[in-house]
Structure formats: C-alpha cells, structure tokens
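The values are calculated or read from the model by the stated rules, or taken from the named source; none is laboratory data. Computed from a predicted structure; not experimentally measured. Every residue, glycine as well, gets a Cβ built from its backbone with ideal geometry; the counts of neighbours run over all protein chains shown.
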Amino acid sequence: MMADFLINIELHNNSSYQQQIREKLVHLIKQDTFGDKPLPSGRKMAELIGVSRNTVVLVYESLVDEGYLVARKRSGFFVHPDLPAESSPNLVQLEPENNAINPKWCNRIKKRPSEFTSLNKDKDWINYPYPFIYGHINVEEFPLYQWRECSRTSRKSRKLHEWVEGFIDMDDPELVTQIRQKILSKRGIVAQTDEVLITLGTQNSLFY
C-alpha cells in the first residue's frame, strides 16, 4: 500500500525546482523519514509540491543514479537498503583525528598566501592604453557574437562527445586546429600542431 507522506517544499526562484526538490528529499532520506516504505508516486509528489510530474520523475531518477534510491518494478521508488541514515553515498567518512601523529602544517608551509600583498589597481585602469592587468578582457573587442555561436553549437547533443572527451597527454586537437586556423592565421603566424601549447592562462604559460 502506498504510504501517504505530507511533504512541504516552499519553492523559490533562486535555484531550479529540480535542485530544490532533490535537496529536500535527500534531507528526508538522511533522517530515515521513509523507512522501508515507497516514496509517493511521481504524480502524487507533483500534486503535493505543485510541479509537473516530469520534474519529480527526473529528480527520482537522478537520486537512483546517485545511490539514494532504488526503483522496483510496479512498486515505485524506495530508499536504497544499503544507505544508512544521516549519511551520503558521495561522502567519505573520515577517521577521528589523532593529534599525536597529525603533522603541524603551519610549521611545514613556508609561504602563507594570506600574507601576500594584494593587487591595488586604479579605478580607471580599463581606460589605460596598456593596463597590463591579468584576468580581464577588453569588452569592446571581445567576439561576443562568435562566443554565442560557439556556446549554442556546443550544447547540441551530437556535439557533446567532442568536448567531454578527456585527453591525457595532448591538447584537444579540434581546439588546436581552431587556434591555428582562426586566431594565429589572422595575426600572420604559421604554426604546426606540435608548436601550439594550451595553458590555463598567462601565469601558467609564463611558468612553462
């Protein structure tokens, strides 16, 4: 028999409904609210919260993928039997600290970033001919149209595999090609694939 749970979630616009519902359900699961009883059906949960059934189903499916729930045919969704209360499958339980063997990191770390001198820049720095300030771009010359087109294209499902694939000992070949053909060529620079090194930014490139 389906259990009747009164679940109250006050939805807001600061985050997606799926995220808010997921967080509430995870909280209830950790408190062992459902026990061995099934969660409300997707339709019933949607009525309780005031959202579409698809929204609830997507949340349930994501919790199954994360190990919080299990789906049983013709029975519904249940809390995973191997999930103890007040725990999460994605968290590692740490052993209690032993002060006798723990290193004193304050004595080992010579440089303390909190004591570094902070960068003070002129409020009108953007109007300097050559500001030389890292981490900023020239908004007047930023290729906004091309950026939007790239973002739109990359979000297509058939393009997904091209930018989620990891490369161990080499840079993304498609990115290197685009740099060679559309950036370097416009600056009169001819470079081969093995002559292009992609870094994380100016400081990283100077390190190399």
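A count restricted to the stretch 55-80 and to residues that are farther than 21 Å from Tyr17 by Cβ, part of a loop (DSSP other than H, G, I, E, B) and touching a residue at least 24 places away in the same chain (Cβ under 8 Å) stands at 1. Does Phe116 satisfy being modelled with pLDDT of 70 or more, surrounded by fewer than 10 Cβ atoms within 10 Å (Cβ to Cβ), under 30 Å from the mean Cα position of the chain (by Cα) and among the aromatic types (Phe, Trp, Tyr)? Yes. Among the helices (runs of 4 or more DSSP H) confined to the stretch 134-208, the ones with at least 2 residues that are over 25 Å from the mean Cα position of the chain (by Cα) are located at 173-178, 202-207.
Among the residues of the stretch 1-15, those identified as surrounded by 12 or more Cβ atoms within 10 Å (Cβ to Cβ) and at pLDDT 70 or above are Ile7, Ile9, Leu11. Of all the residues in the stretch 21-54, those that are surrounded by fewer than 19 Cβ atoms within 10 Å (Cβ to Cβ), part of a helix (DSSP H, G or I) and free of Cβ contacts under 8 Å to residues at least 40 places away in the same chain number 9.
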